[in-house]
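Shown next, in structure tokens, is the structure this report addresses.
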Amino acid sequence: MRKSAPLGLVAAVAVIAYAGEPDLHRDGPFWVQIEKGSAPVTPHGNIRIRTVGAVTIRGSAAGELSFELDKRAKGRDEADARRQLASYRVMTYQQGPWTYLLVQGGSEMAELKLSAPENAGQVVIETRAGAVDATQFAGLLKIESGGGRLSLDKIANDVVAKTAGGDIVIGKIGGNCHCVSGAGAIRAESIHGQAFLETGAGDITVHQVDGPARCSTNGGGIHITQAGNIVIADTAGGVIDVDYAKGMVTANNAAGGPIQVWSALGAKCESGGGGIKLTSDGGSLNASTAVGSIIARFQSQPAADSFLSTSAGDITVWIPSNLRITIRAQNASYGGPRRIVSDFPDVPVKAVGFATIAEGALNGGGPLLRIAGTGGMIYIRREQK
């Protein structure tokens with residue numbers, strides 16, 4: 001954003017001024033001064049705000065942008081406080097469809113409270129450092145903070161939000177949501193479009209997302225209750241837990257941690273060291289872990305091949321008796337035929353050298369299920385309906 005408006009392009013510029021100095025009062029260790037003002041906004045126009053501290057903004061039926069700037073300073077006396085607070089400069093102006101409000105100078109202790117037309121086309125907020133709380137807008141919302149918590153709710157359109165460090169709390173979003181935090185948890189209640197959520201450190205929790213979801217954290221868990229499309233989840237260490245996904249779930253836990261997918265069209269999961277539990281409703285199941293057990297369940301006929309592998313742990317597969325599937329299982333552990341247990345006569349177990357193998361076709365065969373284990377047991381179980 002430009003720090004100053006170019007000459008000849010600005011329709012109107014106003015530096016907020018007062019007949020006298022604003023009132024000053026004490027609040028604990030601070031001297032506090034409040035400035036108020038407003039600026040017109042064209043119908044369905046855009047708003048851009050740039051400030052130094054925290055921002056609270058609410059959408060309203062009014063046709064203007066009104067604000068209240070709460071400035072704070074720790075001065076030796078009133079005169080010293082007034083000198084510090086005089087460094088703030090508040091400016092509003094219009095340029096085409098845009099209404100600008102700029103707060104320059106001063107410290108991050110300033111708090112800006114605003115009311116803006118809820119039908120604004122775009123609302124863009126930039127702050128040097130501070131929390132941002134935005135509610136009730138029909139248009140696009142963009143937020144960037146140098147460091148602070150972001151709270152977003154009742155936004156009917158897309159949201160793009162970034163903070164250098166702080167939690168991001170998302171309520172109801174009617175469009176797509178792209179949120180990034182340098183370090184902090186991300187929590188979302190409802191996203192109607194697609195979600196891209198990323199944090200440098202912290203948990204990501206999503207109650208409902210209707211579109212595709214991509215979640216990534218360098219250190220924390222990922223929890224998704226309901227996804228209406230595909231899910232891609234990556235963490236460097238933490239639990240990945242997906243209750244339901246209408247599409248395929250792709251999960252990667254690089255440093256090691258459990259992965260749980262309770263119901264999905266299919267799943268492709270990899271863990272550096274942790275147990276994996278998967279349930280497929282029509283898709284394939286692919287899972288690999290260096291250390292940990294795998295439990296996989298097919299609820300309906302898979303449409304593609306599947307592969308399950310662990311280097312140290314048990315593998316248990318639950319298969320309904322009416323599925324058409326071809327099974328090839330191999331356990332490289334010592335112990336002979338006892339290392340694989342099969343509930344299906346059509347999938348017999350035999351010893352081949354130092355390995356144990358179980359092969360067979362159920363109901364005439366179908367997509368291939370390959371199972372490879374080392375250091376544990378393989379159980380091929382009949383699902384009781």
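What follows is calculated from the coordinates using simple rules that are stated; it is not laboratory data. These numbers come from a predicted model, not from an experiment. Backbone-built Cβ (ideal geometry, glycine too); neighbour counts: all protein chains shown.
Per residue of region 234-251, in order, report the coupling 6.51 cos²θ - 1.76 cosθ + 1.60 (Karplus, θ = phi - 60°) as ³J(HN,Hα) in whole Hz, putting x for Gly and Pro.
Each residue's phi maps through the Karplus curve to give 10, 9, 7, x, x, 6, 10, 9, 10, 6, 8, 9, 6, x, 6, 10, 10, 10 Hz.
Could you tell me the distance between the Cα centroids of region 261-296 and region 69-113, to the nearest Å?
Result: 54 Å between the Cα centres.
What lysines could a cross-link reach from residue 172, if we take a straight Cα to Cα line under 17 Å and drop same-chain neighbours fewer than 8 places away?
Reachable lysines: 142, 154.
Shape call for the chain from the C-alpha gyration tensor, a ≥ b ≥ c root eigenvalues: rounded (a/c under 1.5), prolate (a/b greater than b/c) or oblate?
Values: a/c = 4.59, a/b = 2.83, b/c = 1.62.
Judged from the Cα gyration tensor, the chain comes out prolate (a/c at least 1.5, a/b above b/c).
Amide H neighbours of residue 251 under 5 Å, at least 5 residues apart or on other chains, H built in the peptide plane: list them.
Residues meeting the amide H criterion: 233, 268, 269, 270.
Take every DSSP beta bridge whose two residues both sit in the chain, then give the antiparallel share in percent to the nearest 5.
Of those bridges, close to 25 percent are antiparallel.
Could you check the simple spin-label distance between residue 322 and residue 359, using points 7 Å along Cα→Cβ, in nm with one decimal?
3.0
Calculate for the chain the 222 nm mean residue ellipticity that helices alone would give, adding -39,500 (n - 2.57) per DSSP H run of length 4 or more and normalising by residue count, nearest 500 deg cm²/dmol.
After summing the helix terms and dividing by residue count, I get -500 deg cm²/dmol.
Can you list the aspartates and glutamates whose alpha carbon is less than 13 Å from that of residue 277, not counting same-chain residues fewer than 8 positions off?
241, 243, 314
Under 5 Å between amide hydrogens, which residues at least 5 positions from residue 273 or on another chain qualify, with H placed 1.01 Å from N in the peptide plane?
Counting only residues 5 or more places away or on other chains, the set is 256, 257, 290, 291.
Which listed residue (91, 62, 266) has the Cα farthest towards the positive end of the charge dipole for the chain, taking +1 on Lys and Arg C-beta and -1 on Asp and Glu C-beta about the Cα centre?
The residue sitting farthest along the positive end of the dipole is 266.
Calculated FRET efficiency, residue 239 and residue 60, Cβ-Cβ r, R0 51 Å, to nearest 0.05?
Calculated transfer efficiency: 0.80.
Once each part is reduced to its C-alpha centroid, what is the distance from region 116-194 to region 218-244 in angstrom?
Value for the Cα centre distance between the two parts: 21 Å.
What shape does region 117-233 have by the C-alpha gyration tensor, where a ≥ b ≥ c are the square roots of the eigenvalues, rounded means a/c under 1.5, and otherwise prolate means a/b greater than b/c and oblate the rest?
On the way: a/c = 2.16, a/b = 1.13, b/c = 1.92.
Verdict is oblate for region 117-233.
Rounded, prolate or oblate: which one fits region 275-385, using the alpha carbon gyration tensor with axes a ≥ b ≥ c (rounded when a/c is under 1.5, else prolate when a/b beats b/c, else oblate)?
Values: a/c = 1.90, a/b = 1.26, b/c = 1.50.
Since a/c reaches 1.5 but b/c is at least a/b, the shape of region 275-385 is classed as oblate.
If r is the Cβ-Cβ distance from residue 27 to residue 210 and R0 is 35 Å, what FRET efficiency results, to the nearest 0.05? Present the calculation step by step, with values, prior to reporting the outcome.
Working: r = 45 Å, r/R0 = 1.27.
Working from the Cβ atoms, E equals 0.20.
Can you give the FRET efficiency to the nearest 0.05 for residue 78 and residue 36, using r as the Cβ-Cβ distance and R₀ = 30 Å?
Given R0 = 30 Å and the Cβ-Cβ separation, E is 0.90.
Modelled label-to-label distance, residue 255 and residue 291, 7 Å Cα→beta-carbon offset: nm?
Using points 7 Å along Cα→Cβ, the separation is 1.5 nm.
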